[in-house]
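First the structure, in the form of structure tokens, and then the observations on it.
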Amino acid sequence: MLKKSLALLALLCLTFALVACGGNEDASNDASDTTDDSTSEDTSSDSEEASGDGGKVEIFSWWTGAGEEDGLLALIDLFEEKHPDIEVENAAVAGGAGTNAKAVLAARMQGNDPPSTFQVHGGAELNESWVAADMMQPLNDFYEEQGLMDKFPQDLIDMVSKDGNIYSVPVNIHRGNVIFYNKAVFEENGIEVPTTIDEFINVLSQLQDAGVTPLALGDKEAWTATQIFENLLLASLGPDDYRALFAGEIGFDDERVREAAENFKTILGYINDDHASRNWQDASQLVGEGEAAMTNMGDWAKGYFNNDLELETNVDFGYFAFPGTTEDFMVITDTFGLPQGVENPDQVKEFLSVLGSVEGQDAFNPLKGSIPARVDADKSKYDEYGTDTMEDFQNNNLTPSLAHGSAAAEGFLTKVNQEVNIFVTQQNVDQFIEKLQQAAGDL
Ligand code: GAL
């Protein structure tokens, strides 16, 4: 009981922190505000068949706009085909990594107005917030009925489970430790793909000497820089100690954390000057158009390159694992669950069933840039990036992303994002380490 009250209290604090942070970010729960007219109108179906006789499902996510929404729209189309009587409302809130959506969601959950289902990362973001506060319904029976128990890797089921209960259905697996690069820029400058941090720094310096912007960053939203730092932590600590760091078993005063921070500082010497005014799409665009050589981004950038910039995988752009982490896979999984108190759980389960099916995953993932969470999806639907990534997922060490909610609770991540933001400007390693150590008291 005490634990539950504490969890609720933490959630409440988080709500206020997030609403305060997101206040000037133009949060909106109307997808049509932020996207062109081909989005929410298409999906919030008003056709005669979808008259809502079978109820309504409101799908909450942060997938709006370039590089984000194509997969979701394809999934919604498939659902509407199968359930023409159920109305779909696409309640997406723009902002990468849920920058604004998480605040809107927290306010709605607190106000007893949950969406029918919402995007949530497996791991701490699901389990230490919503499940701990008793706001999600267990889906064990649903998994059994749908025959899903052996359709996802056990590691993934563990990420969406707490105390023996399963609370959400993963739609995908994204990889966070990827560097995308412009093939022509690499060729023109005779660049070899770097595999270690030292080689990476040499390549950055070589490109800078040649007058090319080596690394594109868009940290208008701080998570993009946090993502670089987490990959540097993984490179310095290795997978086991990276996990131990977020389990509170290794301190942030560890020499290898300092090494990661020093590397971070060095790498920040090679980014575009206007990084603070760009988001992840704007930064990726620099690479797509050959104005920068590389960017570290989760593989939703692959969807953006293919679908929005119309670039071809392994022709226009290439990819490699973040140097120093070539044997590792930074896992980001988007999942959807069933909140307590929704009016029409049966219809929501119909949506989860489509989302969890082979057909649903293969409609969503090739467009999103991710690989299917299911083990039995149809590989022929994916390009070389997809099949390479499926293979790496099977063979590499899997580590949970901090920047995308899995490694540690939201309160800690919010603090890390703030400190990273300050570090990008001030680049004071001692102060950064000290602040991280203070924040880690919460782990
Ligand atoms: C991640 C999410 C991805 C993608 C990305 C950028 O947190 O898991 O699906 O949307 O943010 O917004």
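Taken together, the values in this text are just the output of simple stated rules run on the coordinates, not laboratory data. Predicted model only: the values in this text are computed from it and were never measured. A quick note on method: Cβ atoms are made from the backbone with ideal geometry, for glycine too, and the neighbour counts reach across all protein chains shown.
Relative to the dominant Cα principal axis of the chain, helix 410-426 is inclined by about 30°. Distances between placed amide hydrogens fall under 5 Å for Thr335 paired with Val120, His121, Gly122, Val171, all partners being 5 or more residues away or on another chain.
Could you pull out the pairs from Lys302/Lys379; Lys56/Lys349; Lys151/Lys381; Lys102/Lys220; Lys183/Lys220 whose alpha carbons sit more than 20 Å apart here? In this structure, Lys183/Lys220 exceed 20 Å between Cα atoms.
Working from Cα positions, state the angle (0 to 90°, nearest 10) between the long axis of helix 345-355 and the longest principal axis of the chain. Result, in degrees: 40. Given the C-alpha centroids of the stretch 78-121 and the stretch 322-360, what is the distance between them in whole angstrom? Comparing the Cα centres of the stretch 78-121 and the stretch 322-360, I get a distance of 13 Å. Dividing the radius of gyration of the alpha carbons in the stretch 155-206 by their Kirkwood radius gives 1.31 for Rg/Rh.
Expressed as a fraction of 2.2 N^0.38 Å, the value expected for a compact globular protein of N residues, the C-alpha radius of gyration of the chain is 0.94.
Taking 20 Å as the straight-line reach from the Cα of Lys435, the lysines in range (excluding those fewer than 8 positions away in the same chain) are Lys265, Lys415. Hull volume per residue, based on the alpha-carbon atoms of the stretch 154-278 and their convex hull, is 152 Å³. Quick one: Karplus J couplings for the stretch 154-171, per residue in order, coefficients 6.51, -1.76, 1.60, θ = phi - 60°, nearest Hz, x for Gly and Pro? These are the phi-based 3J(HN,Hα) values: 4, 4, 6, 4, 4, 5, 10, 10, 9, 6, x, 10, 9, 10, 7, 10, x, 9 Hz. Ordering Gly122, Leu215, Val193 by the projection of their Cα atoms onto the charge dipole of the chain, which places +1 on the Cβ of Lys and Arg and -1 on the Cβ of Asp and Glu, puts Gly122 at the extreme positive end.
If R0 is taken as 35 Å, the Cβ-Cβ distance between Lys381 and Gln206 corresponds to a FRET efficiency of 0.40.
Over the stretch 322-367, the pair-distance histogram of Cα-Cα distances with 10 Å bins from zero comes to 21, 34, 26, 13, 5 percent, rounded to whole numbers. Taking the square roots of 5 times each eigenvalue of the Cα gyration tensor of the stretch 204-285, largest first, gives ellipsoid semi-axes of 27, 15, 9 Å.
Apply 1/(1 + (r/R0)^6) to the Cβ-Cβ distance of Asp274 and Glu199, taking R0 = 22 Å, and write down the FRET efficiency to the nearest 0.05. Once the sixth-power term is evaluated, E becomes 0.25.
Residue order for Met149, Met135, fewest other beta carbons within 10 angstrom first, comes to Met149, Met135. With Cα atoms defining each centre, the stretch 212-232 and the stretch 260-278 are spaced 7 Å apart in the structure. Full extension of the chain between Asp77 and Glu188 gives 35.7 nm of extra length, using 0.36 nm per residue less the Cα-Cα distance. Can you give the % of DSSP beta bridges in the chain that are antiparallel, to the nearest 5? In the chain, DSSP labels about 55 percent of beta bridges as antiparallel.
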